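The values are calculated or read from the model by the stated rules, or taken from the named source; none is laboratory data. Since the model is a prediction, treat every value here as computed from it, not as a measurement. Reconstructed Cβ throughout: ideal geometry from the backbone, glycine too, with neighbour counts over all protein chains shown. Accessible surface is based on the protein model in full, side chains and every heavy atom, while ligands, DNA and RNA are left aside. Shrake-Rupley method; radii C 1.70, N 1.55, O 1.52, S 1.80 Å.
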Amino acid sequence: MSERPDNRWLLLIHQIPPKPDYFRVKIWRRLQRVGAVAVKNSVYVLPKSDATLEDFQWILREITEGGGDASLCEADFVEGLTDSQIESLFRVARDADYAAVAEEARELTKRKHSRGSDSVNELAGAVTKLRNRLTEIATIDYFDSLGRQTAEGLVSSLERVVLPSPPNETVKSPSEFRGITWVTRKGIHVDRMASAWLIRRFIDEQANFKFVPARGYQPQKREVRFDMFDAEFTHEGDRCTAEVLMARFAPNENGLRPVTEIVHDIDLKDAKFEHPETAGVEALITGICSRVKDDDE
């Protein structure tokens, strides 16, 4: 028999008494807080680690002390759900969390613009709470959901309003960034495709690209990251990476602006610019990404 890889998952299988109602809600909230997702009714999964094991053990103890029944096991799915499908469940859950943060950040930004500078002190507490919420979500974002960059950019933009600092809009010299390797996440889509085109068009026509896992990559010497969390060039405020690169390297290329605005609307899905070409470009990009799986190609 061939050896199977180490089990990747932890499963919490439980039954809770129908009464009292608050206890069922309490356990559900505990599971949400640790980032667990349901694969079946009363069956929750987390990726296996020392930290997630401890999280499930505490919840199991709470269930049994409340009169319920629970089991905790390591699992390796053989049939039915695949690992990639389970990872997708986590990403969907975290994307929803990030979208809620992003929407609240946009609402706070509208309040700031409508009330003027006198509202800065009022915003400070709300922005601090939003940052704390974003940090909590990132802690349970086990598979690097794409929504994190947008939410992070919007919250960071609000923080700069509440605690003003000099804007980082210094125009960069392309010559400083020639002959390096540009690193981004695997599975590229519209913003990374447009950013790579912009890099070769306006910064280094011989630029090399490297596609890496989103989590845990440490840049090497002569590498610059883009459209990744903590990257040198990534989302800022409500701007996508292509818009940021344009501001840094090609601020006077007015013909480029509609291109980055179309990329913005496809990437952030906020209909900020509403160019009539956007729907057609989005369909084209979707077709390319569906047909061509190799990032280099």
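List of remarks:
- Residues of the range 205-235 satisfying the condition of being surrounded by 17 or more Cβ atoms within 10 Å (Cβ to Cβ) and more than 23 Å from the chain's Cα centre (by Cα): Ala207
- Test: residue in the range 103-122 that is at pLDDT below 90, aliphatic (A, V, I, L, M) and surrounded by fewer than 17 Cβ atoms within 10 Å (Cβ to Cβ): yes
- Tabulated pairs, the range 205-226, first on the phi < 0 side of the Ramachandran plot, second among the polar types (S, T, N, Q) and part of a strand (DSSP E or B), C-beta under 6 angstrom, 6+ apart or interchain: Asn208/Thr181; Lys210/Thr181; Glu223/Thr181; Phe226/Thr184
- Evaluated against (1) modelled with pLDDT under 90; (2) under 20 Å from Ile140 (Cβ atoms), Pro17 falls short on exactly one condition, (2).
- The set of residues in the range 247-297 that are within 24 Å of Glu236 (Cβ to Cβ), among the basic types (Lys, Arg), assigned to a helix (DSSP H, G or I) and without any contact (Cβ under 8 Å) to a residue 60 or more places away in the chain contains only Arg257.
- Within the range 36-60, residues that are acidic (Asp, Glu) reach partners that are open to solvent by 40 Å² or more (accessible area, probe 1.4 Å) with beta carbons closer than 9 Å, at six or more positions or on different chains, in the pairs Asp55/Arg30; Asp55/Arg33.
- Just one of the listed residues (Ala51, Ala70, Ala96, Ala36) is exposed (fewer than 14 other Cβ atoms within 10 Å of the Cβ) and modelled with pLDDT of 90 or more, namely Ala96.
- Filter result (part of a helix (DSSP H, G or I) and either crowded, with 17+ Cβ neighbours inside 10 Å or polar (S, T, N, Q) (or both)) within the range 169-196: Ser175, Phe177, Val190, Asp191, Arg192, Met193, Ala194, Ser195, Ala196
- Matching option when the condition is modelled with pLDDT under 95, open to solvent by 60 Å² or more (accessible area, probe 1.4 Å) and either under 19 Å from Ala151 (Cβ atoms) or aromatic (Phe, Trp, Tyr) (or both), among Arg91, Arg4, Arg29: Arg91
- Where Arg160 falls short, out of the listed (1) open to solvent by less than 60 Å² (accessible area, probe 1.4 Å); (2) of a type outside the set (A, V, I, L, M); (3) closer than 29 Å to Val101 by Cβ; (4) not in a loop (DSSP other than H, G, I, E, B): (1)
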